1. Give me the residue from the stretch 84-117 that is hydroxyl-bearing (Ser, Thr, Tyr) and over 15 Å from SER136 (Cβ atoms) and, out of that set, most open to solvent (accessible area, probe 1.4 Å).
2. Starting from residues that are among the aliphatic types (A, V, I, L, M) and over 18 Å from ILE46 (Cα atoms), keep the ones in the stretch 1-27 and report whichever is most open to solvent (accessible area, probe 1.4 Å).
3. Output the qualifying pairs, or none if there are none: Cβ atoms under 8 angstrom, residues six or more apart or on different chains, first residue in the stretch 51-64 and closer than 14 Å to GLY14 by Cβ and open to solvent by 40 Å² or more (accessible area, probe 1.4 Å), second residue modelled with pLDDT of 95 or more and part of a helix (DSSP H, G or I).
4. Output the residue which, of all residues in the stretch 201-215 that are touching a Ser or Thr at 6+ places or on another chain (Cβ under 7 Å) and closer than 15 Å to GLU141 by Cβ, is surrounded by the fewest Cβ atoms within 10 Å (Cβ to Cβ).
5. Can you say whether GLU72 is under 21 Å from MET4 (Cα atoms), assigned to a loop (DSSP other than H, G, I, E, B) and not β-branched (Val, Ile, Thr), as far as the supplied structure shows?
6. Take the stretch 307-361 and flag every residue that is touching a residue at least 24 places away in the same chain (Cβ under 8 Å), assigned to a helix (DSSP H, G or I) and charged (D, E, K, R).
7. Of all the residues that make up the stretch 245-264, how many are open to solvent by 10 Å² or more (accessible area, probe 1.4 Å) and among the β-branched types (Val, Ile, Thr)?
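The values are calculated or read from the model by the stated rules, or taken from the named source; none is laboratory data. Since the structure is predicted, the reported quantities are computational estimates derived from the model, not experimental observations. Ideal geometry is used to build each Cβ from the backbone, glycine not excepted, and the neighbour counts take in all protein chains shown. Side chains are part of the model used for accessible areas, which takes the heavy atoms of the whole protein and leaves out ligands, DNA and RNA. Shrake-Rupley method; radii C 1.70, N 1.55, O 1.52, S 1.80 Å.
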Amino acid sequence: MSKMKVLLVRPYYGVNVSSDMSGDFGHFEYIGAISPDLGIVFGATILEKCGNKVKVYDCNAIRMKPNSFFSEISKEKELDIIIVKVSAPTILLDISFAEHLKEKFKKVKIIIAGHPTLYLKNNLQINSKYIDEVISIPLEEYCYFLATGKDNNISINDFPSPNYTLFPYQYYKERTGKNIAFLWGSRGCIMNCAYCPYKQFYGTIDKRSNEKILEDIKSIYRLGITTLQFRDPFFTYDIKKTIDLCKKIIDSNIKIEWYCDTRIDSLTDEVIEWLYRSGCRMLFVGIESASENILSKYSRKKFEVLDLKNKILKLRNMGIRVMGLYMIGFPDESLDDIKNTYDFAEEINTDYIHFNPYIPYPYNTNMNPEEFDKVVNRKSNVCKKIFNSEIDFLSQQLDFAYSMKRIGLKESLKIYEFQNFMKKRSMRISNNMQEIS
């Protein structure tokens, strides 16, 4: 295929967005972490590896607002394609951003990508004369198609190791300020939780071989980055594969600290030991609710309390911290259900905790951009009326109460005040969708 000059852009409007979180819908980031976007990381790498000229503007990482970006990009010559990565919380601004690009570069193909486009494609193809293409598949797959012409049976195992030198990787920080990189060990999920957006966008599990994962780790390690997070929704779904990867990391003498998301009931004593020995120091585990009725309704397998407690204790004793993730505000949830979930969280006793408001991810492929207020991660619009204005406040208070018992009032208050400051900024920007200029 003929070679192209492609720009990939992640916009920034004054508030931090983790654009590949929430199943690639993206969400406002309130805790100060600045994360890479794996879709862009792999997409840019694939295009460059196939001989195309690629430039990435991760405006979110370097805090470059639209006016500065448009001034900077005016210097670019002989462009063929500009791809804008959109997010649900900023979708109206993202569309305006892409349209403004078309006004400046009339002969350049302007493309938007990201999970929200799956639901906006019909609307934008009819109503926007400025956007040339709306991608409704994962960005990395589209870039693979652009680079190779292959559009069937694309697997993440086909992708080269991510080239973070195309990105301002020094700006990617986890919540404590350490430099971090993201990787995939797999994409998609074997579970069928009805509220989860990952499965609907990525489908069933798509594996990356341990040999390739090890090369990915080495490529990051060579840049001096020693902290990484696997973004798989269920990292330890295959215990044998997980142990084999841990052994490969140890044998390579790579000294890293790494985190992953998983189901805690999938862990055996053997895999816990290998996780620790290979550098795993944090697990993010979705526990969601204490209500068996709610879990059943959303096709989520319930946990056994004793099993959870024993495994969390085992992990803590081994030196692996656990972040317990819960959801409140389901449409059919009562205040008693929420109280029971908090009591359950206290009993389970993970090192950290986060209560997320239930978000009604869309399933209508004929949505318009204004409807995406529903997936901004500040409140659920489909909860019972009593919760509509209170669910975000309640989730925050539960986080605060749990944190206060573990790190004290003073430190918890610092976190609480910082998050409130960031949320106010997010609300102000999302409620004042002014035209990009």
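1. SER96
2. As a first pass, look at the stretch 1-27 and keep what is among the aliphatic types (A, V, I, L, M): 1, 4, 6-9, 15, 17, 21.
Cutting the leftovers down to over 18 Å from ILE46 (Cα atoms) gives us 15, 17, 21.
Working: VAL15: 3, VAL17: 15, MET21: 30 Å².
Among those residues, the one meeting the criterion is MET21.
3. ILE62/TYR171
4. The residue in question is ASP206.
5. Values: under 21 Å from MET4 (Cα atoms): yes; assigned to a loop (DSSP other than H, G, I, E, B): no; not β-branched (Val, Ile, Thr): yes.
Judged against the criteria, GLU72 is not a match.
6. ASP307, LYS309, LYS311, LYS314, ARG316, ASP337, ASP343, GLU346, GLU347
7. The total comes to 3.
The rows are residues; the columns are (1) of a type in the set (Phe, Trp, Tyr); (2) modelled with pLDDT of 90 or more.
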{"residue": "ASP343", "(1), (2)": "no, yes"}
{"residue": "ASN349", "(1), (2)": "no, yes"}
{"residue": "TYR352", "(1), (2)": "yes, yes"}
{"residue": "ASN366", "(1), (2)": "no, no"}
{"residue": "LYS384", "(1), (2)": "no, no"}
{"residue": "ASN388", "(1), (2)": "no, no"}
{"residue": "SER395", "(1), (2)": "no, no"}
{"residue": "PHE400", "(1), (2)": "yes, no"}
